[in-house]
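The block underneath contains the structure these notes are about, expressed in structure tokens.
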Amino acid sequence: MNIFTILTAVVVLGIVWGGLTFFLTRAMKYEKMKSENGEK
Amino acid sequence: MKEEKRKTSGQEFFSSRWALIIATIGIAVGTGNIWRFSRIVAQNGGGSFLIPWVIFLLIWSVPLIIAEFAIGKSTRLGPVGALAKTAGKNFAWMGAFVVFVSTAIMFYYSIVTGWCLRYFFSAVSGNLFNTKDQLAYWNEFSTGLQPLIFHFISISLVAFIIYRGVTKGIEKVTKFLVPSLLGILVILFVRAVTLPGAIDGIKYFFTPDLKTVLDYKVWLNALTQNAWDTGAGWGLILTYAIYMKKKEDISLNAALIGFGNNTVSLLAGITIFSTVFALSSVDAMQQISQSGPANTGLTFIYLPQLFAKISGSYAVNIFFASIFFIALFFAAVTSLMSMVELSTRTLIDFGLKRSKAIIIVAVAGFLFGVPSALNLDFFANQDWVWGVGLILSGAFISFSIIRYGVDKFRTEIINGAGSDVKIGKWFNFVIAVLIPLQVVVLIAWWLISSVGWDPEWWNPFHSLNTGTVLFQWAVVLGAFILLNKVMYKQIFERDKQ
């Protein structure tokens with residue numbers, strides 16, 4: 001596998017799957033905070 | 001999870017943030033993520049396509065999803081009323097166009113949903129593997145009356161779900177279908193990447209060709225894929241946003257939808273490339289990139305041939321083919337639900353009760369879908385005209401925010417009550433400059449390209465050309481501009497009459 005293939009895979013999967021994981025973690029954090037503050 | 005149903009003047013709400021996200025993911029993830037994405041990647045140089053595709057996720061899909069969430073949440077109206085309230089009373093016709101485009105797509109999308117259901121039954125019964133010529137099998141099915149029967153089943157099933165309302169219908173069903181769909185895709189993904197030879201497919205999928213990366217057509221195809229497959233700019237997310245609670249976040253939820261949708265596309269793309277490269281005895285690339293009748297070649301003709309070879313066991317092959325087609329059906333149903341809800345909600349805004357509105361939508365959905373069910377040329381014409389129309393819908397949503405004041409919209413509505421993450425000034429630039437620019441470039445490119453497909457490009461009665469697009473758009477836009485005042489009064493001044 002050449003270096004450009006690996007680089008593209010890392011960038012694309014990093015942004016899309018990494019982005020999803022990041023936003024999901026943030027959303028869970030805010031939900032937990034709201035729950036602790038008795039907002040929900 | 002405790003189901004919460006709040007009522008404010010008869011208004012239902014999604015019970016939680018996760019219920020809203022799952023339902024909205026259900027809009028975004030459709031059959032296009034599975035069959036169109038793989039075909040477009042293959043036609044546009046594999047890895048070369050993925051780079052612009054990710055960029056347009058950031059400068060088209062996510063900003064428009066944010067915009068739709070914010071308009072729906074702030075106006076609590078379907079697209080006609082919402083755009084009139086945001087852009088001004090002279091622009092209800094823009095919202096009506098957004099509704100019409102998604103409704104016209106609903107007419108033939110119900111047929112696609114029916115195809116998936118029919119192929120699921122074919123796979124489960126083993127019929128799919130008893131035929132040697134898959135193209136003949138497809139032709140026999142698609143030219144008969146069966147598409148009509150399955151169209152009827154699909155629209156009736158979805159109408160029943162929408163009749164049940166937001167929490168008991170949309171939320172309850174998507175909570176089951178969306179996780180099931182994701183689970184099935186993961187099972188298929190694991191099986192596909194572990195097939196001998198799958199690595200060649202993965203290599204092609206991620207290998208960029210530097211010449212192709214610089215080709216403007218690859219960039220335009222990447223933008224089109226984002227415009228068509230995330231659901232951004234369709235008015236569907238705007239409609240579900242009507243049912244989000246006041247203290248619900250907008251920007252983080254929008255990012256989750258956009259990234260979640262593209263995650264599914266990648267999962268499906270890797271699965272299909274791995275399967276085709278591992279099992280195909282002829283040119284794998286040709287099989288993935290060929291459109292076939294009504295762009296269904298890969299899904300309904302080539303993949304069944306490959307599923308028959310996935311293992312030495314007949315039962316295992318049936319299992320994988322069945323879960324693939326039921327996953328497609330789930331993806332189609334959750335998207336179709338949002339289209340039916342959009343039309344229903346519009347009639348509710350005009351003063352009809354949900355029960356009456358859903359009957360009208362279901363009957364119209366069935367009747368206006370009949371020509372596409374019986375004639376694939378008519379189907380292709382509608383897919384072409386209203387597919388490009390979606391880009392104009394995105395422009396109208398962007399225009400309404402510009403009329404309202406982009407900075408005011410961002411600070412007061414998006415960053416208002418309930419926001420977890422504040423959106424910066426970059427949003428102003430994207431909505432006011434980048435989205436309109438992308439719309440102009442994209443519509444011009446599609447229409448100019450279509451001139452080359454047909455010497456009589458101006459003829460409105462040809463199936464796939466510029467003339468038919470401009471003619472049908474002109475009829476619809478003209479009618480709605482004439483009816484603008486009537487629509488506005490019916491929504492906002494009905495009680496005064």
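The values are calculated or read from the model by the stated rules, or taken from the named source; none is laboratory data. Since this is a predicted model, take the numbers as computed values, not measurements. All Cβ positions, glycine included, derive from the backbone under ideal geometry; neighbour counts span all protein chains shown.
Out of the residues in the stretch A:1-38 that are of a type outside the set (A, V, I, L, M, F, W, C), within 9 Å of another protein chain (Cβ to nearest Cβ) and more than 22 Å from residue B:249 (Cβ to Cβ), which is surrounded by the fewest Cβ atoms within 10 Å (Cβ to Cβ)?
Here the answer is A:2.
Note down all Cβ pairs under 8 Å where the first residue falls in the stretch B:257-284 and is within 9 Å of chain A (Cβ to nearest Cβ) and closer than 15 Å to residue B:181 by Cβ, the second is modelled with pLDDT under 85 and surrounded by 24 or more Cβ atoms within 10 Å (Cβ to Cβ), and they're at least six residues apart or on different chains.
Between residues of the stretch B:257-284 that are within 9 Å of chain A (Cβ to nearest Cβ) and closer than 15 Å to residue B:181 by Cβ and residues that are modelled with pLDDT under 85 and surrounded by 24 or more Cβ atoms within 10 Å (Cβ to Cβ), the close pairs are B:265/B:229.
Got at least one residue in the stretch A:6-16 being touching a Pro at 6+ places or on another chain (Cβ under 8 Å) and β-branched (Val, Ile, Thr)?
yes
If you go through the stretch B:414-463 one residue at a time, how many are in a helix (DSSP H, G or I), surrounded by fewer than 17 Cβ atoms within 10 Å (Cβ to Cβ) and polar (S, T, N, Q)?
Residues that pass the stated criteria total 1.
Which members of the stretch B:158-178 meet the condition of being in contact (Cβ under 8 Å) with a residue 60 or more places away in the chain and either closer than 22 Å to residue B:318 by Cα or of a type in the set (A, V, I, L, M, F, W, C) (or both)?
Of everything in the stretch B:158-178, those that are in contact (Cβ under 8 Å) with a residue 60 or more places away in the chain and either closer than 22 Å to residue B:318 by Cα or of a type in the set (A, V, I, L, M, F, W, C) (or both) turn out to be B:158, B:159, B:161, B:162, B:166, B:170, B:173, B:177, B:178.
Under 6 Å between Cβ atoms, at least 6 apart or on separate chains: pull out the pairs that start in the stretch A:20-40 with a residue that is at pLDDT below 90 and end on any residue that is part of a loop (DSSP other than H, G, I, E, B).
Listed by first residue and then by second, the contacts come to A:34/A:40.
Mind listing whichever residues of the stretch B:174-211 are away from chain A (no Cβ under 12 Å), polar (S, T, N, Q) and over 26 Å from the mean Cα position of the chain (by Cα)?
B:194
Output yes when any residue across the stretch B:119-126 is under 30 Å from residue B:21 (Cα atoms), in contact (Cβ under 8 Å) with a residue 40 or more places away in the chain and buried (at least 19 other Cβ atoms within 10 Å of the Cβ), and no when none is.
The answer is yes; a qualifying residue exists.
Here is a list: B:168, B:217, B:172. Which entry is part of a helix (DSSP H, G or I) and either at pLDDT below 90 or in contact with a Pro (Cβ under 8 Å, 6 or more places away or on another chain) (or both)?
Only one candidate qualifies: B:217.
Looking at the stretch B:308-332, which of its residues are under 14 Å from residue B:127 (Cα atoms), buried (at least 24 other Cβ atoms within 10 Å of the Cβ) and either of a type in the set (Val, Ile, Thr) or within 21 Å of the chain's Cα centre (by Cα) (or both)?
B:325
How many residues does chain A hold that are over 19 Å from residue B:419 (Cβ atoms), under 20 Å from the mean Cα position of the chain (by Cα) and among the hydroxyl-bearing types (Ser, Thr, Tyr)?
Count: 2.
Considering only the stretch B:230-341, give the helices (runs of 4 or more DSSP H) lying wholly within it that have at least 2 residues that are at pLDDT 90 or above.
B:236-241, B:251-279
Can you tell me which residue is nearest to the chain's Cα centre (by Cα) among those in the stretch B:30-88 that are more than 14 Å from chain A (Cβ to nearest Cβ) and β-branched (Val, Ile, Thr)?
The extreme case among them is B:31.
Can you tell me which condition residue B:351 does not meet? The list is (1) modelled with pLDDT of 95 or more; (2) at positive phi, and all the others hold.
(1)
Working carefully through the options B:420, B:377, B:407, find the one that is free of Cβ contacts under 8 Å to residues at least 24 places away in the same chain and among the acidic types (Asp, Glu).
Of B:420, B:377, B:407, the one residue that is free of Cβ contacts under 8 Å to residues at least 24 places away in the same chain and among the acidic types (Asp, Glu) is B:407.
Test each condition in (1) over 13 Å from residue B:21 (Cα atoms); (2) crowded, with 21+ Cβ neighbours inside 10 Å; (3) within 12 Å of chain A (Cβ to nearest Cβ) for residue B:253 and report the one that comes out false.
Every condition holds for residue B:253 apart from (1).
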